[in-house]
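Read the figures in this text as sums done on the coordinates, not as results from a lab. From a predicted model like this one, the values you see are computed outputs, not experimental measurements. No Cβ is skipped: glycine too gets one built from the backbone with ideal geometry, and neighbour counts run over all protein chains shown.
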Amino acid sequence: MGNKKNYRSFTAQEKYEIIKEGEYGSMSINEVCRRHRISTALYYQWRKQSQQAILDNFNSSKSRRNKKSQKEIDLETENARLKATLLEITQENVELKKKSFN
């Protein structure tokens with residue numbers, strides 16, 4: 001038999017709750033880590049990962065806002081084409097009215 005360690009696994013929600021408890025709770029980080037039987041290094045690793053995920057999410061949502069989808073590009077092209085057609089028809093209409101009054 002091997003000396004395989006049994007590691008506990010934590011869900012993202014559990015990690016979030018532990019980080020929140022350490023940041024906003026009344027206990028120190030060391031006390032929170034002892035209570036959940038994790039090392040302080042693991043706690044700080046989780047906290048760093050969560051902060052990076054937040055930054056990545058903010059940057060991602062900002063770039064998505066600035067980037068136009070192909071559908072938006074197609075709609076803007078169609079809109080420009082329709083405006084040009086409307087302008088052409090309006091000009092023809094004005095010329096026909098001028099001719100009919102003369």
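Kirkwood Rh over alpha-carbon pairs of the stretch 9-67, then Stokes-Einstein at 20 °C and 1.002 mPa s: what D in µm² s⁻¹, rounded to an integer?
Values: Rh = 12.6 Å.
Translational D for this selection: 171 µm²/s.
Need the list of aspartates and glutamates near Lys83 for cross-linking: C-alpha distance under 17 angstrom, and skip anything on the same chain fewer than eight residues off.
Glu72, Asp74, Glu92
Less than 25 Å apart at the alpha-carbon level, and either on another chain or at least 8 residues along: which lysines does that give for Lys20?
Cross-link targets: Lys48.
With +1 on each Lys and Arg Cβ and -1 on each Asp and Glu Cβ, how big is the dipole of the chain about its Cα centre, in debye rounded to the nearest 20?
Magnitude of the dipole: close to 460 debye.
Place the peptides 34-40, 18-24, 95-101 in order of packing, highest mean first, counting for every residue the other Cβ atoms within 10 Å and averaging per peptide. All intermediate terms of the calculation are to be shown ahead of the outcome.
Working: 34-40: 13.0, 18-24: 15.6, 95-101: 8.6.
Per-residue mean Cβ counts within 10 Å order the peptides as 18-24, 34-40, 95-101.
Using the charge dipole of the chain (Lys, Arg: +1 at Cβ; Asp, Glu: -1 at Cβ; taken about the Cα centre), state which of Leu86, Ile73, Ser26 has its Cα farthest towards the positive end.
Working it through, the farthest residue towards the positive pole turns out to be Ser26.
With each run of n ≥ 4 DSSP H residues scored as -39500 (n - 2.57), what mean residue ellipticity at 222 nm is computed for the chain after dividing by its residue count and rounding to the nearest 500 deg cm²/dmol? All intermediate terms of the calculation are to be shown ahead of the outcome.
Numbers: 4 runs with 80 residues, N = 102.
-27000 deg cm²/dmol, from helical runs alone.
Quick one: pull the percentage of alpha-carbon pairs in the chain with a separation above 20 Å. Each step should come with its number before you reach the end.
Details: 3457 of 5151 pairs.
In whole percent, the long-distance tail amounts to 67.
Under a crude label model (7 Å from the Cα following the beta-carbon direction), how far is Ile54 from Ile29 in nanometres?
It works out to 1.5 nm between the two label points.
Could you give the nm distance between label points at Lys83 and Ser39, where each point is 7 Å from its Cα heading toward the beta carbon?
Simple spin-label model gives 6.2 nm for this pair.
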